[in-house]
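Student: Pasting a structure here, questions to come.
The values are calculated or read from the model by the stated rules, or taken from the named source; none is laboratory data. These numbers come from a predicted model, not from an experiment. Because the Cβ atoms are built from the backbone with ideal geometry, glycine has one as well, and the counts that use them run over all protein chains shown. Surface areas here come from the heavy atoms of the whole protein model, side chains and all, with no ligands, DNA or RNA. Shrake-Rupley method; radii C 1.70, N 1.55, O 1.52, S 1.80 Å.
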Amino acid sequence: MTNTIANATLASVSETNRSRIMQHLYQHGISSRAQIAKALDLTPAAITKITAKLIEVGAIKETGDFEGRKNRRSIGLTLDTAEFHVIAVKFARSLVQLGVFDLAGKPLTVQELPQVTEDTIDSAIMQLHDTIGSLIEADRRIIAIGMAVPGPYLRNVGRTAVVSSMRGWQKVNFIHEFSNAFTVPVFVEQDARAGAMAQYLFDPTITTENLAYYLVGEGVGLGVIDHGNIINGALGAATEIGHVSIDINGKPCDCGNVGCLERYCSTPAIHEMILKEGDLIADAGTMTHLQACRALFALARGGDKRAIALIKRVARYVGFGCITIFNSFNPSQIVIGDIVAEAGQLLLDEVHKVIDKRVIHELNDTTAITLSALPADAALNGAAAVAINQFLDHPSQFFELS
């Protein structure tokens, strides 16, 4: 028994050190063994042994000589971010997107499935199986699949507890459906939490370890990184800001609550507002939520006063959500992303007006609020980040490293 425990402990330490080396190369680029040893406070002998195995299995590679300390020539090591690819899938009620990304978070291909309805969820899942299978078959560099799903996602169960306006998704167990369906591993995360991971991993302008990613799309969600650690909660369902009441006598929500934030600023809510405006957008009744919102944003950019007024109304609700984020989590930065963020500066300016009136000055003065700057949808990027984090944190899942 003692030997078993000792062996398990040794294996755990070895895996941790392998992960630290891969993380270092991912973050800092080409490095010598001496540089890695110094940065990670490991002995040169340990670095030599670990990197030799990582090179042997193809996880990292040597780059040839480069100039090291005191003009000495050193052999560089690198983790080639273009050598490995991941598939990312975003589930957002009526919208399912998927793409292939490299390890740096660069989208190589992005596509959407046909619009999903309550009646077509099963067929959408079948199509997704076929599409992912074809992508894996066509690209030998694909090592993992990350999925971002609506919250509240019960991570140990594999199911989303509530999906407002598309209850059929609640019947889908993502673990049972996908975990053993492909030749590469599958990792599932709540969409806003995945988005926070993407901002943290891929956006070089973000340096804080206290970050909130505020997803405002077909649903409303929040992912929070506190001192470098993602906040999960007991069941994986923490930070569900979309189901925080902003009006205790407000609109009923599918979650059982009333006045939930997502009933006022999600894309279905905005689409509903557009339809109530009557003739604001022609054919709005036949559009998807995404199409209706983008048509609204285009009208506002063209100076349409009614469209501008509607976006400002939505932005005030987004701002009310920010107040909850300020007072509940005190992040250094709030990043607003997903479809509603496409409203741009008009939305952000109105959010700031709400914040300036209602948030404690000391918090407001030390918290930046920005729109997502990622090149693809942050939750889709986030699905890629989920897979990439697993690759970096647990290399023995992907390579024979015993």
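Student: Please tell me if I121 is under 27 Å from E272 (Cα atoms), in contact with a Phe, Trp or Tyr (Cβ under 7 Å, 6 or more places away or on another chain) and assigned to a helix (DSSP H, G or I).
Tutor: When the stated conditions are applied, I121 passes them.
Student: If the requirement is being open to solvent by 50 Å² or more (accessible area, probe 1.4 Å), at pLDDT 90 or above, within 26 Å of A373 (Cα to Cα) and not in a loop (DSSP other than H, G, I, E, B), which of these qualifies: L98, L108?
Tutor: L108
Student: Among the residues of region 108-149, write down those that are in contact with a Lys or Arg (Cβ under 9 Å, 6 or more places away or on another chain) and closer than 21 Å to A194 by Cα.
Tutor: Answer for region 108-149, where residues must be in contact with a Lys or Arg (Cβ under 9 Å, 6 or more places away or on another chain) and closer than 21 Å to A194 by Cα: M147, A148, V149.
Student: In addition: Would a scan of region 272-284 turn up a residue that is crowded, with 20+ Cβ neighbours inside 10 Å and outside any loop (DSSP other than H, G, I, E, B)?
Tutor: Within region 272-284 (the criterion being crowded, with 20+ Cβ neighbours inside 10 Å and outside any loop (DSSP other than H, G, I, E, B)), the answer is yes, since at least one residue qualifies.
Student: Give region 331-362 a look and list any residue that's within 20 Å of the chain's Cα centre (by Cα) and open to solvent by 70 Å² or more (accessible area, probe 1.4 Å), or say none.
Tutor: E342
Student: Tell me which of these D65 doesn't satisfy, since it passes every other one: (1) open to solvent by less than 60 Å² (accessible area, probe 1.4 Å); (2) in a strand (DSSP E or B).
Tutor: Status for D65: all satisfied but (1).
Student: Continuing with the same structure: Go through region 299-316 residue by residue and tally those that are open to solvent by less than 50 Å² (accessible area, probe 1.4 Å) and under 27 Å from the mean Cα position of the chain (by Cα).
Tutor: Residues in region 299-316 being open to solvent by less than 50 Å² (accessible area, probe 1.4 Å) and under 27 Å from the mean Cα position of the chain (by Cα): 3 in total.
Student: Checking L290 against (1) assigned to a helix (DSSP H, G or I); (2) modelled with pLDDT under 95; (3) under 24 Å from L201 (Cα atoms); (4) among the aliphatic types (A, V, I, L, M), which test does it fail?
Tutor: (3)
Student: What tally of residues in region 124-141 results from selecting those that are part of a helix (DSSP H, G or I), farther than 15 Å from F91 by Cα and open to solvent by 50 Å² or more (accessible area, probe 1.4 Å)?
Tutor: Selection size over region 124-141: 4.
Student: Take the residues in region 7-33 that are of a type outside the set (S, T, N, Q) and open to solvent by 70 Å² or more (accessible area, probe 1.4 Å); name whichever of them is farthest from the chain's Cα centre (by Cα).
Tutor: That would be L10.
Student: Further, regarding this structure: If you check every pair at least six apart or on different chains, which have Cβ atoms under 6 Å apart with a residue in region 330-358 that is more than 18 Å from S266 (Cα to Cα) first and a residue that is of a type in the set (A, V, I, L, M) and open to solvent by 10 Å² or more (accessible area, probe 1.4 Å) second?
Tutor: Filtered contacts from region 330-358: Q333/A368; R358/I323.
Student: Another question about this same structure. For region 170-184, does any single residue satisfy the condition of being farther than 25 Å from I121 by Cβ and modelled with pLDDT under 95?
Tutor: no
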